[in-house]
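Encoded as structure tokens, the structure appears first; notes follow it.
The values are calculated or read from the model by the stated rules, or taken from the named source; none is laboratory data. Keep in mind that this is a model prediction, so the values were computed, not measured. Cβ sites come from the backbone with ideal geometry, for glycine too, and all protein chains shown count toward neighbours.
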Amino acid sequence: MPIMSYIQAITLALREEMLRDDKVFILGEDVGKKGGVFRATDGLYDEFGEYRVLDTPLAESAIAGVGIGAAMYGMRPVAEMQFADFILPAVNQIISEAAKTRYRSNNDWSVPITIRAPYGGGVHGALYHSQSVEAIFANQPGLKIVMPSGPYDAKGLLKAAIRDNDPVLFFEHKRAYRLLKEEVPDDDYVLPIGKADIKREGTDITVITYGLCVHFALQAAEKLAEEGISTHILDLRTVYPLDKESIIKAASKTGKVLLITEDNLEGSIIGEVAAIIAENCLFDLDAPIMRLAGPDVPAMPYAPTMEKYFMVNPDKCEKAMRELAEF
Amino acid sequence: MANRHTKLGLSDQEVLDIYKSMLLARKVDERMWLLNRSGKIPFTISCQGQEAAQVGASFALNKEKDYVAPYYRDLGIVLSFGMTVRDIMLFAFAKAEDPNSGGRQMPGHFGQKKNRIITGSSPVTTQVPHAVGFALAAKMEKKDFVSFVTLGEGSSNQGDFHEGLNFAGVHKLPVITMVENNQYAISVPLHKQIASKNVSVRSVSYGMEGITVDGNDPLAVYEAVRDARARAIAGEGGTLIEAVSYRFTAHSSDDDDNYREKEEIEQAKKQDAIVLFANYLREEKILTVELEKKMTAEINSIVNEATDYAEEAPYSMPEDTLKYVYED
């Protein structure tokens with residue numbers, strides 16, 4: 001089985017889906033000739049031509065809106081937002097249109113679009129190339145939000161997103177693109193949207209997180225294992241709508257829960273995860289629910305000192321996990 | 001000497017059909033105001049004053065192939081594209097059988113896939129990029145249809161107008177955009193909406209044809225849309241059409257219309273396309289007294305039947321609220 005980086009897995013998923021279904025096409029800024037600023041669409045323009053890998057004008061609402069129109073017609077657009085931070089001009093199209101089309105038309109019309117965007121910090125991207133934007137969309141029924149934590153998941157989930165008959169926001173951690181490598185089958189597998197995944201079995205504490213933070217938590221768990229602390233790690237994979245059943249099961253298993261996000265704390269995805277646990281697991285809990293997140297400042301600063309202060313990392317995870325284990 | 005419609009290649013029967021569609025839209029619209037004012041439906045929003053542009057345009061499109069992305073005043077378009085008066089009344093009464101939304105949306109938010117009427121929302125102009133997306137699909141799939149999208153002149157200030165038309169212009173996509181300039185965006189008149197001499201001049205920045213036509217003249221609008229469609233199908237890209245008329249009613253049933261002079265409205269009504277076009281058809285001896293009587297009786301009966309049916313029809317079950325968030 002080939003070893004692949006996160007971004008190679010993304011490119012492979014796109015290519016496989018474009019080969020499988022000629023209705024699948026990519027649109028976005030610099031996705032064509034250049035192959036994307038992160039090279040996620042590398043080689044696809046040469047293979048599939050200018051209209052399957054479409055360089056659009058620099059206008060995010062049109063990227064989303066034109067994609068939505070094409071999707072309503074019956075195409076399978078995969079729209080790329082160059083950075084998640086730049087998705088905001090397209091929010092009206094995503095929330096007022098894509099999310100509500102099936103509902104408002106009483107199931108007559110649907111929008112099978114996938115919108116990919118690199119999110120997250122730790123890459124010297126400062127305020128506007130580092131943000132996590134999932135919470136903006138995470139109370140919009142009609143949308144699905146998928147945030148894979150590693151290359152294997154990225155490929156299987158992206159293929160599932162493209163085949164999904166509803167709009168899917170697909171957020172890829174840009175630092176994970178070349179940092180994370182693992183075995184990725186080159187066969188046609190898909191992973192279920194809406195299902196969380198246990199990334200490590202354990203008995204003392206439970207960590208529930210998603211995206212790059214899964215990787216940090218796994219690193220911390222390795223270290224804590226040497227001290228005899230056994231960590232159970234649940235990767236949400238889909239952050240909206242949440243897989244309640246898996247969350248309740250994972251929290252109840254150890255009775256001590258740490259929730260981690262790279263986003264600002266207040267109003268983030270993990271607040272809803274905490275509510276689910278509080279509603280369902282009160283008598284199984286042995287410690288207050290603990291949260292580790294970015295500080296409540298507008299976004300991540302540029303200077304390395306401040307960026308490091310903002311970012312979640314394996315050390316911060318380890319410290320919080322140990323504290324929880326010792327409660 | 002050939003008359004205007006013959007020169008355009010329209011038969012006597014076709015212009016009669018255009019007139020009948022305009023009249024039908026007007027009569028349905030008038031009925032909805034009656035229903036609203038008598039407390040039977042909570043809301044209505046009008047097409048009155050814009051029927052000629054809507055119907056003239058629709059008759060220039062291919063009703064078997066083209067897709068339309070209407071805005072909330074486009075009763076004349078959706079009726080021309082196959083939505084029935086009964087469908088419209090079910091929508092007005094918010095009944096379960098409403099094909100637009102199953103009673104979920106306010107009236108005017110049209111959508112019906114079987115007739116290629118693209119579902120719409122209330123934030124204005126979002127439909128422009130959608131229509132461009134349909135046109136992109138036509139180009140990619142090498143299909144011979146066009147998309148036709150409408151909006152008001154105030155809406156032409158939205159970013160989605162610029163983003164959508166620029167996209168269409170760059171890729172020479174078969175999309176026809178018709179701005180129905182009715183002089184008012186709720187209370188704000190045209191001169192406080194745009195600084196350019198008209199809306200169609202904006203087409204220059206999108207590298208497409210732009211034309212301003214008399215929106216009270218269904219034949220002028222027909223000609224503009226027919227030519228735009230021919231260019232689109234020939235691969236020559238989109239067209240921006242501005243159809244100028246006047247909004248006869250208040251913005252909606254919830255608007256008091258106290259920001260404009262009664263005289264201005266009376267003056268505009270002298271150009272009422274329903275009256276003017278009927279006069280033309282009478283002069284051409286196409287619309288006879290007998291035919292007019294028959295037409296009016298037929299429309300009245302359709303509107304009455306539809307109203308009664310919709311009023312009696314059941315609402316959705318309360319728990320239907322939960323349906324169709326995602327695919328089942």
Exercise for review: Determine, yes or no, whether residue A:165 is more than 18 Å from residue A:313 (Cα to Cα), part of a loop (DSSP other than H, G, I, E, B) and in contact with a Pro (Cβ under 8 Å, 6 or more places away or on another chain).
Suggested key: yes
Check your understanding: Among A:40, A:71, A:62, which is the only one that is free of Cβ contacts under 8 Å to residues at least 24 places away in the same chain, assigned by TED's automatic domain parsing to the domain that holds residue A:121, crowded, with 21+ Cβ neighbours inside 10 Å and not in a strand (DSSP E or B)?
Key -> A:62
Review point. Which of the residues that make up segment B:46-94 are surrounded by fewer than 24 Cβ atoms within 10 Å (Cβ to Cβ), assigned to a loop (DSSP other than H, G, I, E, B) and basic (Lys, Arg)?
Key: B:63, B:65
Exercise for review: Scan segment A:312-327 and give yes if some residue there is small (Gly, Ala, Ser), touching an Asp or Glu at 6+ places or on another chain (Cβ under 6 Å), touching a residue at least 40 places away in the same chain (Cβ under 8 Å) and more than 15 Å from residue A:209 (Cα to Cα), otherwise no.
Suggested key: yes
Review point. Could you list, in sequence order, the residues of segment A:236-250 that are under 13 Å from the mean Cα position of the chain (by Cα) and crowded, with 24+ Cβ neighbours inside 10 Å?
Key: A:236, A:237, A:238, A:239
Exercise for review: Evaluate segment B:88-108: report whether one residue or more is within 23 Å of residue B:310 (Cβ to Cβ), among the charged types (D, E, K, R) and more than 8 Å from chain A (Cβ to nearest Cβ).
Suggested key: yes
Study note, to complete from the structure: Checked B:191, B:162 against criteria (more than 14 Å from every other protein chain (Cβ to nearest Cβ), out of contact with any strand residue (DSSP E or B) (no Cβ under 8 Å at 6 or more places or on another chain), of a type outside the set (D, E, K, R) and over 22 Å from residue B:75 (Cβ atoms)); the one match is B:191
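Conditions tested, residue by residue: (1) within 18 Å of the chain's Cα centre (by Cα); (2) farther than 30 Å from residue A:168 by Cβ.
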| residue | (1), (2) |
| --- | --- |
| B:249 | yes, yes |
| B:254 | no, yes |
| B:268 | no, yes |
| B:274 | yes, yes |
| B:283 | no, yes |
| B:297 | no, yes |
| B:320 | no, no |
Study note, to complete from the structure: Of the candidates A:269, A:208, A:260, A:229, the one satisfying the condition of being outside the structural domain of residue A:120 (by TED's automatic domain parsing) and either without any contact (Cβ under 8 Å) to a residue 12 or more places away in the chain or over 24 Å from residue A:308 (Cα atoms) (or both) is A:229
Check your understanding: If you take the residues in segment A:38-58 that are more than 15 Å from residue A:114 (Cβ to Cβ) and in contact with a Gly (Cβ under 8 Å, 6 or more places away or on another chain), which one is farthest from the other protein chains (Cβ to nearest Cβ)?
Key -> A:42
Study note, to complete from the structure: Selection over segment B:251-279 where residues are free of Cβ contacts under 8 Å to residues at least 12 places away in the same chain and either assigned to a helix (DSSP H, G or I) or touching a His at 6+ places or on another chain (Cβ under 9 Å) (or both) yields a count of 8
Check your understanding: Which of (1) surrounded by fewer than 24 Cβ atoms within 10 Å (Cβ to Cβ); (2) in contact with a helix residue (DSSP H, G or I) (Cβ under 7 Å, 6 or more places away or on another chain); (3) not small (Gly, Ala, Ser) does residue B:149 not meet, given it meets every other one?
Key -> (1)
Revision key, fill the gap. By residue number, the members of segment A:103-121 that are of a type in the set (A, V, I, L, M, F, W, C) and at the interface with chain B (Cβ under 7 Å from one of its Cβ atoms) are A:109
Exercise for review: Hey, can you tell me all the residues within segment B:174-193 that are surrounded by fewer than 24 Cβ atoms within 10 Å (Cβ to Cβ) and in a loop (DSSP other than H, G, I, E, B)?
Suggested key: B:183, B:186, B:187, B:193
Study note, to complete from the structure: Of (1) surrounded by fewer than 23 Cβ atoms within 10 Å (Cβ to Cβ); (2) in a loop (DSSP other than H, G, I, E, B); (3) in contact (Cβ under 8 Å) with a residue 12 or more places away in the chain; (4) within 11 Å of chain B (Cβ to nearest Cβ), residue A:82 fails just (4)
Check your understanding: What number of residues within segment B:123-134 satisfy the criterion of being within 8 Å of chain A (Cβ to nearest Cβ) and touching a residue at least 24 places away in the same chain (Cβ under 8 Å)?
Key -> 7
Point to revise | Residues located in segment A:85-94, provided they are more than 7 Å from chain B (Cβ to nearest Cβ), closer than 17 Å to residue A:111 by Cα and surrounded by 20 or more Cβ atoms within 10 Å (Cβ to Cβ) | key: A:90, A:94
Check your understanding: Taking the stated definitions as given, is residue A:133 more than 21 Å from residue A:200 (Cβ to Cβ) and under 13 Å from the mean Cα position of the chain (by Cα)?
Key -> yes
**Study point:** Criterion: more than 14 Å from every other protein chain (Cβ to nearest Cβ) and touching a Gly at 6+ places or on another chain (Cβ under 6 Å) - qualifying residue of B:287, B:240
**Key:** B:240
Practice item. For residue A:287, state whether it is surrounded by 17 or more Cβ atoms within 10 Å (Cβ to Cβ) and either outside the structural domain of residue A:85 (by TED's automatic domain parsing) or assigned to a helix (DSSP H, G or I) (or both). Key: no
